[in-house]
Every structure is written in C-alpha cells, then in structure tokens.
Amino acid sequence: MKRRAFLKMSCGLGAGLVLTGLGLDLGLVRAYAVGMKRAEALKSAIRSTTICCYCSVGCGLICSTDKATGAIISIEGDPEHPINEGSLCAKGAALYQVSKANEHRLTRVLHRKPGGDKWEPVNWDFAVNRIAELIKKERDASFVSKNGKQQVVNRVETISLMGSSNVLSEECWATAQFGRGLGLTYIDHQARV
C-alpha cells in the first residue's frame, strides 16, 4: 500500500469515526429515500375515491393502487369531499393498516394454552367451539344469581361485549341483540370509548 492510499484510508476512517461519535444517524436519510420511492410509486398509481367504513359520518378517502399488482399503496383523506375536506380521524388515518398490504395483519387464529407463554396457530373449528364452551360455562354459573327478592335473574355479569366501530349500524344492532340474548349486562361500543 502506498503512502497516499494509506493517508486517504486513514482520513476517511477518522472522519467516519468522528461523524459517528457526533451522533450522525443515517436512519433519517433512509426514511427519506423510502418516502421518495413511495412518492414515485404514487405518481403512477390508480387513484379511486371511496368512503370510510368506520362510522356513520362518511368521510371521503382516496385509495391509490399499484397498476401492476393491484395492491393498495396509500389511503388518504379526500380534500374535495364535502364532509371531511381531506382530514381523517385516527381510525380513518390508520385504515391502510387493516388492508392486505399490512404484512403484520393476522391471517389465522392464534391460541395460548392456560398458563402458557407461547401462541400457537389453531383452526377455526377449535376456536369457535372453545369460545362457545367457555360462554356456556359462564352462563350456567351466572344464571343461578338471585336479586333482593330472591328471584333468579338471567344475567351474566362476568362477560362483557365490546362492539367494533368497523361494522355497519345494522351489524351493530345484531351484535347488541346477540349480547342481550346471552344475558350480558355490560355491552359497550368502541366508538364511545
């Protein structure tokens, strides 16, 4: 190795150590590069308008899909929509995360045995039967409760039902009726929380 090459390598290594010691983080540069790549993909994407499914307000959305794969690239508020004028609530802004584009979205049922620390995939038949078995066990234990007049009351106070804001009003009504049919007293809705 020649002296000039050695000096260049030493200076470059020293400058790198100094910049690293000063806290230079290339994470921001990488994030900017990813953003630029996404912006290029959005330029050629097919844009279509739709309405948010979470509540009855009906905010307008713009969905951008890739022409080649048909996958959703971005979901954002529609600035020309008369209701939301481009703004979205937290649930509407996070709508992209529940789409198929989210690689971390659950695609199968997971079960953890009582006292266990590991989640294991199970089939739907097992999951539905297990839920039904546990609900029946709780109902049988709760339906012997008596009120102040010593009358048997058919209510279950050990199970609660939390409705989703990702369903329509009709589905919400059906879910509430299902809960009342089970004798549940604690019925609430996610949008209220």
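Every number here is computed from the coordinates shown, using simple stated rules; none is lab data. Note that this is a predicted model, so its numbers are computed, not measured. Glycine gets a Cβ as well: all are built from the backbone with ideal geometry, and neighbour counts include every protein chain shown.
When the alpha carbon gyration tensor of segment 28-98 is reduced to an equivalent ellipsoid, the three semi-axes, largest first, read 23, 14, 11 Å.
Shape of segment 1-139 from its Cα gyration tensor (a ≥ b ≥ c, root eigenvalues): rounded if a/c is under 1.5, otherwise prolate when a/b > b/c, or oblate? Taking the square roots of the gyration eigenvalues as a ≥ b ≥ c, segment 1-139 is oblate. Skipping prolines and chain starts, which residues have an amide H placed within reach, meaning under 5 Å, of the one on residue 156, given they are 5 or more residues away or on another chain? Correct list: 184, 185.
Label-to-label distance, residue 118 versus residue 55, with points set 7 angstrom from Cα along the beta-carbon direction: 4.3 nm. In terms of its alpha-carbon gyration tensor, segment 69-152 comes out oblate; a/c meets the 1.5 threshold, while b/c is at least as large as a/b. The modelled label-to-label distance for the pair residue 174/residue 7, using points 7 Å beyond Cα in the direction of Cβ, is 8.0 nm. Of all lysines in the structure, the ones whose alpha carbon falls short of 29 Å from that of residue 137, not counting any fewer than 8 places away in one chain, are 113, 118, 146, 149.
Extension gain for residue 97-residue 132 works out to 9.6 nm (0.36 nm per residue, less the C-alpha to C-alpha distance). Between the helical axis of 124-142 and the longest alpha-carbon principal axis of the chain there is an angle of about 40 degrees. In summary, the lysines within cross-link reach of residue 37, defined as a Cα separation below 28 angstrom excluding same-chain residues under 8 places away, comprise 67, 91, 100. For segment 7-12, 3J(HN,Hα) computed residue by residue from phi via the Karplus equation (6.51, -1.76, 1.60; θ = phi - 60°) reads 5, 4, 5, 5, 5, x Hz, glycine and proline entered as x.
Between the helical axis of 169-182 and the longest alpha-carbon principal axis of the chain there is an angle of about 50 degrees.
Phi angles across segment 29-42 convert, under the Karplus curve 6.51 cos²θ - 1.76 cosθ + 1.60 with θ = phi - 60°, into 3J(HN,Hα) values of 5, 5, 5, 5, 5, 5, x, 5, 5, 5, 5, 5, 5, 5 Hz, Gly and Pro given as x. By the rule of a C-alpha distance below 29 Å, with chain neighbours fewer than 8 residues away ignored, no lysines are paired with residue 8. For segment 109-189, what does the alpha-carbon gyration tensor say about shape, rounded, prolate or oblate, given a ≥ b ≥ c as the root eigenvalues, a/c under 1.5 as rounded, and a/b over b/c as prolate? Because a/c hits 1.5 or more and a/b fails to exceed b/c, segment 109-189 counts as oblate.
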